[in-house]
1. Say the dipole of the chain comes from +1 at the beta carbon of Lys and Arg and -1 at that of Asp and Glu; which of Gly227, Val48, His145 then lies farthest toward its positive end?
2. Anything over 31 Å Cα to Cα? Flag those among Lys140/Lys177; Lys84/Lys176; Lys8/Lys177; Lys61/Lys282; Lys18/Lys148, in the order listed.
3. Remind me, relative contact order of the chain in percent, using alpha carbon pairs under 8 angstrom and six or more residues apart?
4. Mind checking the angle between helix 66-82 and the chain's longest principal axis? C-alpha axes, 0 to 90 degrees, to the nearest 10.
5. On a 0 to 90° scale, report how tilted helix 168-178 is relative to the longest principal axis of the chain, with both axes built from alpha carbons and the result rounded to the nearest 10.
6. Going by the alpha-carbon gyration tensor, a ≥ b ≥ c the square roots of its eigenvalues, is the range 4-46 rounded (a/c under 1.5) or, if a/c is not under 1.5, prolate (a/b greater than b/c) versus oblate?
7. Set the Förster distance to 25 Å, then compute FRET efficiency between Ile77 and Phe291 from the Cβ-Cβ distance, nearest 0.05.
8. Which of Glu293, Glu23, Glu158 moves most in a GNM of the chain, Cα contacts under 10 Å?
Amino acid sequence: MIERKEKKGKIMLYYVKKDYDDEKMASLMNTMIKPNAIDYIIDHNADVYTNDGKLLLRFRKGLLKKHAVDDFYNNVIHFATTSKSRNRGSTTGSKNKSVWTNPEVMSNIIGYFDKLSPIHKYLLKQRGKVLPKITVRETKFVQDHPDKFKKLLPLISEIDYYYKKFIPDKYAKQKKKANQTPFRIGSTSFTTITTNVNFQTSIHTDKGDDPEGFGNLVVIESGKYSGGETCFPQYGIGINVRNGDVLYMDVHEPHANLPIKLETPDAKRLSIVCYLRLSIWKQTKGKTRKFMEYHNKTIRAIKKS
């Protein structure tokens with residue numbers, strides 16, 4: 001609920017309080033939200049603070065360069081729509097524990113990940129080998145499409161640039177960690193990217209990322225759709241992130257997005273989240289680039305041999 005608002009230059013400042021207590025919020029985790037649960041949707045440059053002064057989000061419209069947005073979309077969209085996952089668990093609203101019975105969604109991880117894939121584990125077990133001490137690996141997209149991966153970097157670098165500009169205190173803590181590991185994306189503060197296509201997430205908090213950092217969200221769209229706004233249901237507010245916009249937000253607060261209504265056959269809402277996975281940093285801090293190259297070669301060889 002918005003308690004008060006004021007304008008500072010071209011930015012609207014909102015101060016919000018909780019619509020209900022934490023116990024009620026806990027009972028709503030991993031359920032889907034509906035439009036009537038949200039009091040207000042923000043569609044303009046805005047900073048939102050909780051009534052105790054904590055920054056909840058910072059939203060800026062139309063910042064990202066069109067060529068970087070287009071290059072990212074053109075180089076990832078085929079992979080993002082054809083490689084599906086059952087491993088998003090409760091984020092899909094599923095109560096199942098098994099990946100075999102969870103809903104299949106267009107959600108993928110790009111960059112580096114902190115666990116070996118099921119096929120890696122299966123092959124190691126078949127050969128009587130133990131898991132390596134460091135389980136960080138390149139993702140499938142990076143291995144199979146290195147040239148396309150390079151073309152994603154301009155947009156990721158832009159997101160990183162504005163992260164430093166808009167959230168400097170938390171950026172500094174995250175960047176310090178990123179600088180300590182070669183397993184990161186370019187020279188950014190990120191190790192990992194998640195892409196989602198036409199995926200309505202349930203109410204959740206992000207786990208596995210740097211708890212000292214701040215989250216972000218970029219959306220690239222094609223065709224025509226409505227909905228999909230990113231919402232903080234406990235505060236009753238949502239943000240309409242569209243093409244070229246960038247949202248920085250506290251992803252450790254419960255959040256989700258509204259239903260997505262596809263209005264044309266080609267409609268796609270590609271959402272992009274960049275972050276530093278804490279386990280990657282813990283496993284690889286202090287390692288050299290030479291170590292990374294040898295390690296990556298070793299992990300790739302598991303599937304090839």
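Values in this text are rule-based calculations from the coordinates and carry no lab data. Since the structure is predicted, the reported quantities are computational estimates derived from the model, not experimental observations. Methodologically, a virtual Cβ is constructed for each residue, glycine included, from the backbone with ideal geometry; neighbour enumeration extends over all protein chains shown.
1. Result: His145, furthest along the dipole toward the positive end.
2. Correct reply: Lys84/Lys176; Lys8/Lys177; Lys61/Lys282; Lys18/Lys148.
3. Normalised by residue count, the contact order of the chain is 24 percent.
4. In the chain, helix 66-82 runs at an angle near 60 degrees to the longest axis.
5. With both axes taken from Cα atoms, the answer is about 10 degrees.
6. prolate
7. So, using R0 = 25 Å, E works out to roughly 0.15.
8. Among Glu293, Glu23, Glu158, the largest GNM mean-square fluctuation belongs to Glu23.
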